[in-house]
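Note sheet for the following structure.
The numbers here are math on the coordinates, done by the rules we state, and not lab data. It should be emphasised that the depicted structure is a prediction, and the values quoted were computed from it without experimental measurement. Don't worry about glycine lacking a Cβ; one is built from the backbone with ideal geometry, like all the others, and counts go over all protein chains shown.
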Amino acid sequence: MGRQIGKYKKNLDYSYSLGVSPTIELLKHKRQYVLKVLISSKGNRNEGVMEIIEVCRTSNIKVQVDDKLMNILSPKDNCYSIGIFRKFQTELSRGKNHLVLVNPGNMGNLGTIIRTMSGFCIDSLGLIKPSVDIFDPKVIRSSMGSFFQIYFQYFNDISEYINSFNNNLYTFMTNGKKTLHEVSFKEPFSIIFGNESSGLPDEYLSLGTSVSIPHSESIDSLNLSVSVGIGLYEISKNIKKIDRETVPK
């Protein structure tokens, strides 16, 4: 590679996929960006490691057995493979459904949300700054490699995002004017969530349709990744219902 490899820093032009599953997803979907793959000597009987080695062999990607470097990059004992890849840029497409996160601050939550949105066939993620670094290995690992299947784009503020697309806007808020069960989502849509600690400020009530997720009074709010999962599940049922109703009989 011609560079000194060390612990991840945001200003680096490369990042890591920590673990067998994320590295397999990297090789499946973003193979052109792979610089090399590290393998642990402890993982030589792991089926996933064998798959990684075979893909690298046929794709002419360097494989390096280096326990010392792997321990530096990932102190977890069960990390048998690490992919090192160049960072890349993507853009969101017009006419597609988007998930938009305003100022997300938790890397584990972001990775979980990426995996969840992929599970409900949403592949476009807008990130409103300030935001955590989507290339942080903690995000990639918590997404189980689903990160490599999505499109993402950063925006300086919500106005920049809205001016770039003509989607129907749905803001998820604890004080939303309609409950999730009352809303009929029209495509293409953008579902918008705030950060983990404060959610969306009140000015978002005037953007499109504000939506609340009903829950008991024993809690004041739901975890962000849980809210996104509930929203995506209900929306997927809504869309399937519309699709069934529009099929000619």
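With the simple spin-label model, which puts each label point 7 Å out from Cα in the Cβ direction, the L207 to K96 separation comes to 2.0 nm. Scanning residues 5 or more positions from S212 or on other chains, those with amide H under 5 Å from its amide H are M173, G176, K178, T179, L180, with H placed 1.01 Å from N in the peptide plane. Within the same chain, aspartates and glutamates fewer than 8 places from K9 are excluded, and of the rest, those with a Cα less than 12 Å from its Cα are D133, D136.
Could you list, in their original order, any pairs among K138/K237; K138/K186; K87/K177; K87/K129; K28/K96 whose Cα atoms are separated by more than 29 Å? Can you show the working numbers first?
Values: K138/K237 31 Å; K138/K186 34 Å; K87/K177 40 Å; K87/K129 18 Å; K28/K96 23 Å.
With Cα atoms farther than 29 Å apart: K138/K237; K138/K186; K87/K177.
Once every DSSP H run of n ≥ 4 in the chain is given -39500 (n - 2.57) and the sum is divided by its residues, what mean residue ellipticity at 222 nm do you get, rounded to the nearest 500 deg cm²/dmol? Walk me through the intermediate numbers first.
Details: 7 runs with 79 residues, N = 249.
Calculated mean residue ellipticity at 222 nm is -9500 deg cm²/dmol.
Each Lys and Arg contributes +1 and each Asp and Glu -1, all at the Cβ; summed about the Cα centre of segment 98-246, the dipole is approximately 420 debye.
Simple rule: put +1 on each Lys or Arg Cβ and -1 on each Asp or Glu Cβ in the chain, find the dipole, and look at I114, P130, S198; the Cα lying farthest toward the positive end is I114. With only Cα atoms counted, the chain has Rg and Dmax values of 20.1, 64 Å. A dipole drawn for the chain from +1 and -1 charges on Cβ atoms has a positive end, and of V34, M173, G105 the residue lying farthest that way is V34. State which stretch of the chain is the longest one without any exposed GluC sites (Glu not before Pro), exposure meaning a DSSP loop state and at most 15 other Cβ atoms within 10 Å. The longest uninterrupted stretch comes out as 92-216.
Given segment 83-238, what percent of its DSSP beta bridges are antiparallel, to the nearest 5? It would help to have the intermediate numbers written out before the result.
Numbers: 1 of 23 bridges.
Once the DSSP bridges in segment 83-238 are tallied, antiparallel ones form about 5 percent.
Computed over every Cα-Cα pair of segment 98-246 and binned at 10 Å starting from 0, the pair-distance distribution P(r) comes out as 11, 44, 36, 8, 0 percent. Relative to the longest principal axis of the Cα atoms of the chain, helix 20-29 runs at roughly 80 degrees. The separation of segment 24-91 from segment 158-199, counted between C-alpha centres, amounts to 37 Å.
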